[in-house]
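Okay, structure first, notes after.
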Amino acid sequence: MSLSDEADRTLDTRAAGLDDPYASNPQRPATSALTPWWRWLFLLPGLAAVVFGAHGLLSNGNQTPLRSWLTWFVGSALLNDLVIAPLWIGLGWLSALLLPRAARGAVVAGAAVSGVLTLVALPFVLGKGRDPLNDSFLPRDYGLTLLFLVLAVWVVTAGAAVLAVRRSRRT
Amino acid sequence: MTAALDKLLGARLPGPPDALRQGPFRRGAFPSPLHSERRAARTGAVLGIAFTVCFLTGLVSHLVQHPPGWFVWPASPSWLYRVTQGVHVATGLVSIPLLLVKLWTVYPKLFEWPPAGSPSRAISRLSVLVLVGASVMQLLTGLINIAEWYPWGFFFTSTHYWTGWIAIGAVAVHVGAKAPEIRRGLARRGTPGATAGLTGEQAAERTAVDDAAETNGVSRRAFVLAAGLTVGAVTLTTVGQTLTPLARVSVLGPRVPGLGPQGLPVRQTAKKAGTTEVGADYRLTVEGPRPLSLSLTDLQALPQHTVRLPITCVEGWSSSADWTGVRLADLLEQAGLARDTEVHVESLQKGGLYRISTVSPPHARHPHTLLALRLNGEELAPDHGYPVRLIAPNRPGVMQTKWVTRVAPGAKGTLNGA
């Protein structure tokens, strides 16, 4: 039972007493949510920090137009949930279909490294903030650099994958 | 009361018809045993440490730039801000892969069925939206900001600061809310702690998932290795923008220490600041009981001192240089002020948020705080603040005011909250 199946534990009667401290059970009132005691050291200051931050944003005047903030706030969550995660899971599904089992670990690592490097370098590759008067900012050709890096990562990945497959066939 | 509250929060909400349970909502739609409580807790612990460090170093940077009355920032060690801000940006960057790994681990929870089984689940899921929205937004806008690209309608600095409080608060609430799961997930496998609060049957299920993760096509080891490699790759390719020995390795860093006019990177150019035309009529005025008005030649005739100090940008890069000029404290004394007078320095530039900066007593009296005339042995380039710039130890670059024309006692007026 991984997290995906655990998801419906509100309907899992076994969970009512033990697993989910919020679950409804007349025999076991919500005081169960008090434990472990140290959760309150996180919950209360955490709530205070959220309220403090929200209040700060709301009283930040025209420095934080709410509409723009909300767009980035919700958009950021959706960027992961609707773009990055499905893309990654799709690639995982393909790799499970196409690759020998022994090669998958290496390929996942290679894909993760090249994907993250691409993501981090993307704003520099796009260079929207580039200033023709300032050569010291974004001094490199980031597109080309990234390309070489990703190629290097995949050369190493391919080597590791081939080795892993050979080793698995030998044993 | 608690029983009533429990009844209210735990009440079953009517779910959508089961016929709608399709696609990712299906039972077993995400078969990998790496989508487990254990992996979620352990990735979360690492990410939580990164977020905490990132938040605290960001808070330091905010306090240095907008010091409340109780806050004193020292002038030494001169490298302290270089370290805190370098760490702020570096931990923010490594949090990008860590957060993606964490979100992948718990992705099945997004398709929980029913979507909200009880009011408590609905509240819990909303709080997770706040957590994910604030976390991803902070990392994404932070990254785009160091690329000096501003595709949003808010002022980055203050918005990043306040959203940072929401993000760290949401992380703390999440830790509190998931305390039982975290306690189990962080306990060593096979110990009683790893199954605390579970029935025997549930414990057996969790153990089976963790066992499967060991022998899975992509095993737990491969998963941890991949996560570690992404963190290493991001760090190696960017951290050299402030960790000078790695400058040549960090090929994706937006700055290279030592690269720029006179061997130093530039943030604000003279052309943008409108300070390219500085004529013979330039004067540096120092207000005080004996006001001074000094030409560049006058300044050059005063005792000169050379110090090696870094420029540290809030964007996370830093680069050291040799600066030569007049001690600020000497000038204050000459103007009839105490050497540790709090002063503000004003730039020739007409606008901009960083036209004026406050020099607090620890920096004002420090012998390394100069009104510099020369950089690495040459007269300052226009982009580095010709004719005169402030350089002080342990301060953010935005407070090392360039094109200085006036020094006056007192802190700068509060321009705005940011």
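Assorted remarks:
- Number of Lys-Lys pairs in chain B with C-alpha atoms under 23 Å apart and a separation of 8 or more places or on different chains: 11.
- Calculated P(r) tail over 16 Å for segment B:109-172, as whole % of Cα pairs: 53 percent
- Span-rule helices in chain B, defined as complete DSSP H runs reaching 18 Å or more along the axis (Cα) with Kyte mean at least 1.0: B:80-105, B:119-146, B:220-238
- Residues whose amide H comes within less than 5 Å of that of B:Thr285, counting only those at least five positions distant or on another chain, are B:Leu294, B:Arg406, B:Val407 (H built at 1.01 Å from N in the peptide plane).
- Net +/- balance of residues flanking B:Ala329 in space, Cβ distance below 9 Å, scoring K and R +1, D and E -1: 0
- When you count the other C-beta atoms within 10 angstrom of each residue and take the mean per peptide, B:248-255, B:89-96, B:301-308, A:136-143 line up highest first as B:89-96, B:248-255, A:136-143, B:301-308.
- Computed over chain B: relative contact order in percent, which uses C-alpha pairs under 8 Å that are six or more apart: 17 percent
- Take A:74-86, B:119-131 and order them by the average number of nearby Cβ atoms within 10 Å per residue, most first; the result is B:119-131, A:74-86.
- In the elastic network of chain B, a GNM with C-alpha springs shorter than 10 Å, the most mobile of B:Ala247, B:Ala270, B:Ala208 is B:Ala208.
- For chain B, a Kirkwood hydrodynamic radius built from all Cα pairs, placed in the Stokes-Einstein relation at 10 °C and 1.306 mPa s, yields a translational diffusion coefficient of 64 µm²/s.
- Whole-Å semi-axes of the ellipsoid equivalent to segment B:225-291 (Cα gyration tensor, √5λ, descending): 42, 15, 10
- If the convex hull is drawn through the Cα atoms of segment B:90-241, its volume per residue in Å³: 155 Å³
- Each listed q (0.09, 0.13, 0.15 Å⁻¹) maps to a log10 I(q)/I(0) for segment A:23-167, found by the Debye formula over equal Cα scatterers with no solvent: -0.61, -0.96, -1.01.
- In this label model, A:Ala85 and B:Tyr150 are separated by 3.3 nm, measuring between points 7 Å along each Cα→Cβ vector.
- Shielding of A:83-96 by partner chains, average beta-carbon count, 10 Å: 2
- Amide H within-cut-off set for B:Ser357, under 5 Å, with H built and near neighbours excluded: B:Val345
- The label-point distance for B:Phe111 and B:Thr244, in a model that sets each label 7 Å from Cα toward Cβ, rounds to 5.3 nm.
- Under 5 Å between amide hydrogens, built in the peptide plane, is the criterion, and for B:Leu309 it picks out B:Ala321, B:Trp323 among residues at least 5 positions away or on other chains.
- Taking the Kirkwood radius as Rh and the Cα radius of gyration as Rg, segment B:155-273 has a ratio of Rg/Rh equal to 1.19.
- If R0 equals 45 Å, the separation of the Cβ atoms of B:His305 and B:Lys7 corresponds to a calculated FRET efficiency of about 0.05.
- Kirkwood analysis of the Cα pair distances in segment B:357-418 returns a hydrodynamic radius of 12.5 Å.
- Virtual spin-label span in nm between A:Leu147 and B:Val72, 7 Å along Cα→Cβ: 5.7 nm
- The ellipsoid equivalent to the alpha-carbon distribution of the protein assembly as shown has semi-axes of 52, 29, 19 angstrom, derived from the gyration tensor eigenvalues as √(5λ) and listed largest first.
- DSSP loop chymotrypsin sites (Phe, Trp or Tyr not before Pro) with at most 15 other Cβ within 10 Å: longest gap in chain B: B:72-418
- Other protein chain Cβ atoms within 10 Å, averaged over every residue that makes up B:145-157: 6
- Length-normalised contact order for segment B:322-413 - Cα pairs under 8 Å, 6+ apart - percent: 37 percent
- Cα centroid of segment A:67-125 to Cα centroid of segment B:346-409, whole Å: 44 Å
- Under 18 Å of direct C-alpha separation, and excluding same-chain neighbours fewer than eight residues apart, A:Lys128 reaches these aspartates and glutamates: A:Asp141, B:Glu148, B:Glu315.
- For the chain pair A and B, the interface hides roughly 8600 square angstrom of accessible area in total, found with a 1.4 Å probe.
- Kirkwood estimate for segment A:85-145, i.e. one over the average of 1/r between Cα atoms, Å: 13.9 Å
- Length-normalised contact order for segment B:247-362 - Cα pairs under 8 Å, 6+ apart - percent: 21 percent
- Label zone at A:Val155 (point 7 Å along Cα-to-Cβ), backbone N below 20 Å, segment B:188-232: B:230
- Local electrostatic count at B:Trp79 - Lys and Arg +1, Asp and Glu -1, tallied over other residues with Cβ under 14 Å: +3
The values are calculated or read from the model by the stated rules, or taken from the named source; none is laboratory data. Model, not experiment: these values are computed from the prediction. Ideal geometry is used to build each Cβ from the backbone, glycine not excepted, and the neighbour counts take in all protein chains shown. Protein only, heavy atoms only, side chains kept; ligands, DNA and RNA dropped before computing areas. Shrake-Rupley method; radii C 1.70, N 1.55, O 1.52, S 1.80 Å.
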